[in-house]
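Working notes for the structure below.
The values are calculated or read from the model by the stated rules, or taken from the named source; none is laboratory data. Everything numeric in this text was worked out from a predicted model, so none of it was measured. Glycine also receives a Cβ, built like all others from the backbone with ideal geometry; neighbour counts cover every protein chain displayed. Ligands, DNA and RNA are stripped out before the accessible areas are found, and what is left, the full protein with its side chains, is counted by its heavy atoms. Shrake-Rupley method; radii C 1.70, N 1.55, O 1.52, S 1.80 Å.
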Amino acid sequence: MISIVSVGDIMPGGLLSDSSRPCANQEVIELLASGDIRCGTLECAFGNKPTYDKAKVADRGNVIYAKDNDIKRLKELQIDIVSLANNHFYDLGVEGAIHTIDLLDKNGILHCGAGANLKEAGKPVVMEFGIKKVAFLAFCDTNYNNVYYCTYATENSPGINPMNEEYVIDEIMRYANLYDYVVVLAHWGTENTFFPNISTYKMANKMLKAGACLVLGSHPHRVQPVLNVRNGSVVFSMGNFLFPERLIAPPKVTYYPEGPIDYSSLPVTNKYPIVHTITLKTLPYLARVGMIVNTCINGSTIISSYRYTFLDNENYLQLLDEQRSNDLNGKLRNLELPLKYNYYSFYKIYKKGFRSVKNKLKKIKSTLK
């Protein structure tokens, strides 16, 4: 049996940078250590004096990066593999991406999903567990409305591995023929939603059909349903894992002060605005909730289970309390039914019809005032 422990988006800097305190409690560390291997999404680049991608700032994106020393958090959390296929990995440009890959290599952290060209970006991490081999592939959504500005790899230029359907299916089929299992790390979907969008739902099914046994989603910054089906397991989104509060400098670039700073005097936002002075970027409750997913692979049986994590106001990771975990479980399980039994279209029509009726009732109510 193979046990893969996976988590969502990781940005190990922000207000945690240069702190000597641990970033997670013992329960979280023990859950991570319970698997044979640990993987997650590194949703940033590393750099101490970075030159950021100005084209991204001119678009709709924020520049998110961590300082070089913050890589210690990946080691503290025992992360073995990171996906680089996401919309923030090239925030410090090509030089920042090269520097980050070099830093990961020096620290013995494996990676997939980005590189000097498409061939390199598509290269999997292959792990051996006894006589079995598992290939980890990483792809990033190419829908601008989902991920905004991204640098995608081509045959002759650097970038992240694109989630173009024909290419993705061919890659999964190719590696499924070479190795015993294929795990896909997918950065996709609509932010701040509990229910995966239709393109994500369809792509997940095609990935499983092509030969993936496990699909691990990230990017929505919110947890989404987990499906254990006949031919594999899909985690649509594991939410944020370690994504601390941070400072933003004008116009919208992560900022690290050179000395002590009075945070209480700073303006605060939990959105993604253009700022005109140093601003504290906080996180709403649901963006502080993530999953630790444990997937057991035993022959052709693949089963994923999970526990919720919570990043508190001190940017410290712990397990979510029982009451709030039960509330989330109820919500996600209600959403599993239309996904598991192909009721997706019916569910969307139902929601659209419900909104329509609700809006009509509001109009009627307003005329009666």
Exercise. Search the stretch 310-332 for residues being touching a residue at least 40 places away in the same chain (Cβ under 8 Å) and open to solvent by 40 Å² or more (accessible area, probe 1.4 Å), and hand back the single one that is farthest from the chain's Cα centre (by Cα).
Key: LYS331
Quiz item: Say we look at the stretch 102-119 and pick out the residues that are open to solvent by 40 Å² or more (accessible area, probe 1.4 Å) and free of Cβ contacts under 8 Å to residues at least 40 places away in the same chain; which of these is nearest to ARG38 (Cα to Cα)?
Solution: LEU110
Quiz item: How many residues does the stretch 283-304 hold that are part of a helix (DSSP H, G or I) and either of a type in the set (A, V, I, L, M, F, W, C) or touching a Pro at 6+ places or on another chain (Cβ under 9 Å) (or both)?
Solution: 2
Quiz item: Out of (1) under 21 Å from the mean Cα position of the chain (by Cα); (2) surrounded by fewer than 24 Cβ atoms within 10 Å (Cβ to Cβ); (3) among the aliphatic types (A, V, I, L, M), what's the single condition that is false for VAL234?
Solution: (2)
Quiz prompt | Filter result (open to solvent by 30 Å² or more (accessible area, probe 1.4 Å) and within 19 Å of the chain's Cα centre (by Cα)) within the stretch 294-309 | solution = ASN294, SER305, TYR306, ARG307
Practice problem: Identify all residues within the stretch 181-229 that are closer than 19 Å to THR41 by Cα, of a type in the set (Val, Ile, Thr) and part of a strand (DSSP E or B); write none if there are none. | Solution: VAL182, VAL183, VAL184, VAL215, VAL223, VAL226
Quiz item: Considering only residues of the stretch 22-62 that are of a type in the set (A, V, I, L, M) and at pLDDT below 95, which is most open to solvent (accessible area, probe 1.4 Å)?
Solution: ALA58
Exercise. Quickly run through the stretch 204-216 and pick out the residues that are buried (at least 24 other Cβ atoms within 10 Å of the Cβ) and in contact with a helix residue (DSSP H, G or I) (Cβ under 7 Å, 6 or more places away or on another chain).
Key: MET207, ALA212, VAL215
Practice problem: Output the number of the condition that HIS88 fails; it satisfies all remaining conditions of (1) more than 18 Å from LEU242 (Cα to Cα); (2) open to solvent by less than 50 Å² (accessible area, probe 1.4 Å); (3) of a type outside the set (Ser, Thr, Tyr); (4) in a loop (DSSP other than H, G, I, E, B). | Solution: (1)
Practice problem: Report the residue count in the stretch 144-156 for those that are crowded, with 16+ Cβ neighbours inside 10 Å and touching a residue at least 40 places away in the same chain (Cβ under 8 Å). | Solution: 5
Quiz item: Can you find a residue in the stretch 68-84 that is within 23 Å of CYS23 (Cβ to Cβ), open to solvent by 60 Å² or more (accessible area, probe 1.4 Å) and part of a strand (DSSP E or B)?
Solution: no
Practice problem: Among the residues of the stretch 173-189, write down those that are buried (at least 24 other Cβ atoms within 10 Å of the Cβ) and in contact with a helix residue (DSSP H, G or I) (Cβ under 8 Å, 6 or more places away or on another chain). | Solution: VAL182, VAL184, ALA186, HIS187, TRP188, GLY189
Exercise. Specify the residue that is most open to solvent (accessible area, probe 1.4 Å); the eligible residues are those in the stretch 157-172 that are among the polar types (S, T, N, Q) and within 20 Å of PHE236 (Cβ to Cβ).
Key: ASN164
